[in-house]
Structure formats: structure tokens, C-alpha cells
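Rule-based calculations on the coordinates, nothing more; no lab input. None of the values given here were measured: they were computed from a predicted structure. A quick note on method: Cβ atoms are made from the backbone with ideal geometry, for glycine too, and the neighbour counts reach across all protein chains shown.
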Amino acid sequence: MNTINIKNNQRILALIAIFMLLSLFSNIYCHTEGKDILSQSTSKDVAVVYANEFSNIEHTNIEEIQIIEQKISKAQADFENKVRKINLYLSERGAPLAKYSEEFVKAADHYGIDYRLVAAISIIESSGGKHNFRAYNAWGWGKSDFKSWEDGIWKVSEGMAKYYAKGLTSPRSIAPSYCPPNATTWANKVSYVMNMISSQ
């Protein structure tokens, strides 16, 4: 995970602060109708104003950075947990696709589908890539050959996203189109595997 470098951000914030303070100086100059503010205030007073402005800006932005860091950390932890769950379930079954657990989650996140769905279908259709009727096709996906496991995962995930776009977001609603002859049985099996992945 790319972490936010606080020191680099503080340098950037310092430049922003200088720009804002120069703007503040300009505003004060305008409000005094062009009079020299140093003739009305000591250099110490002006320095205090600058210091206070910079402190406020730095404090606010460091808090924002910390919030962003926390969100990134939480998202990374969630991602890693999903990968772990898929990997454990597929590995326990000796599934070739276990090595591609991270790819399942990346593709699911990209297409906005349930991270368990494509992995679960691969178990039902081919025991996770053990028994494929076409090259790298562990999902019974038409008559397609895929170039690699990664290609298969991404293509099937993209296809699942099209079901989602129609409001078909559960195995039960997808089944009539995906597996018409045994829709109910297929949906029940996929749902069961998805629940098992969750429980890892």
C-alpha cells in the first residue's frame, strides 16, 4: 500500500501557507487603502499573524491527512481480509484458482460485484479450476477459451457486472440466465459456497 508521506505534505502545505499569507497581506494592504501596514504594526505583530495562519492551516491539513490515512488503512485491511477468505476456501479444496485470490477481489472491486461470486461459481462449475471444458474457463462461461486465469477472472467478473446492471445481484436472480436447466439447484450451491467463503 502506498503510504502518505507526512513530511512531503508538510512542505507542500508550507508553500500553500506562504501563498495564502501573501494573499492575506495583500488583502490587509487593500483594506488599509494602500497604506504601508508596517507603519501601523511592528514586524513582530506581522510575524505573529503569519505564524498563527500557518499553524491553523498545518493543523487542519494534518488532521485531514490522518483521516485519509485511516480510510486507506481500513480499505487495505478489508481488501486483504477478502483475499484471505477466498484463498483459505479454495486452498482447502486444492483449487488451482487459489493462487489468484487477489485477482478475484481486484476484479470484484473494479466491477462493483460481490467479491465471493466469481470464486464461488468456479467451485460449482469446475472445482475451482480443476475440471475445465475450455482453456482457463472454470465457470462454464459459454464456449469461451481464456488466455489465462487472470483473463478468465476479469472477463467473467465483467459479465457478472452486466447482470448487476440489470438488478440481478444474487445467485437466485442470476441463475435463470446463467444455468437455465438447473437454476434453483445452481443458485443454492453458489449461495452456499459464498456463505462458506464468508465464514473463513
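So the values come out like this:
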{"read-out": "Kirkwood estimate for region 93-198, i.e. one over the average of 1/r between Cα atoms, Å", "value": "13.5"}
{"read-out": "J(HN,Hα) series, region 73-86, from Karplus relation 6.51 cos²θ - 1.76 cosθ + 1.60, nearest Hz, glycine and proline x", "value": "4, 5, 5, 5, 4, 5, 4, 5, 5, 5, 4, 4, 4, 5"}
{"read-out": "Binned Cα-Cα distance frequencies in region 91-149 - 5 Å width, integer %", "value": "4, 21, 29, 28, 16, 2"}
{"read-out": "Ascending count of other beta-carbon atoms within 10 Å, so fewest first, for 192, 164", "value": "192, 164"}
{"read-out": "For region 179-195, Karplus couplings with θ = phi - 60° (6.51, -1.76, 1.60), whole Hz, Gly/Pro x", "value": "9, x, x, 10, 4, 5, 4, 4, 4, 5, 5, 5, 4, 4, 5, 4, 5"}
{"read-out": "Cα→Cβ-extended label distance, 7 Å offset, between residue 144 and residue 93, nm", "value": "2.0"}
{"read-out": "By average C-beta atoms within 10 angstrom, highest first, the peptides 97-107, 77-87", "value": "97-107, 77-87"}
{"read-out": "Relative contact order, percent, region 93-198 [alpha-carbon distance under 8 Å, six or more residues apart]", "value": "25"}
{"read-out": "Listed residue pairs exceeding 21 Å between alpha carbons, taken from 71/106; 99/147; 85/106; 82/106; 99/130; 130/166", "value": "130/166"}
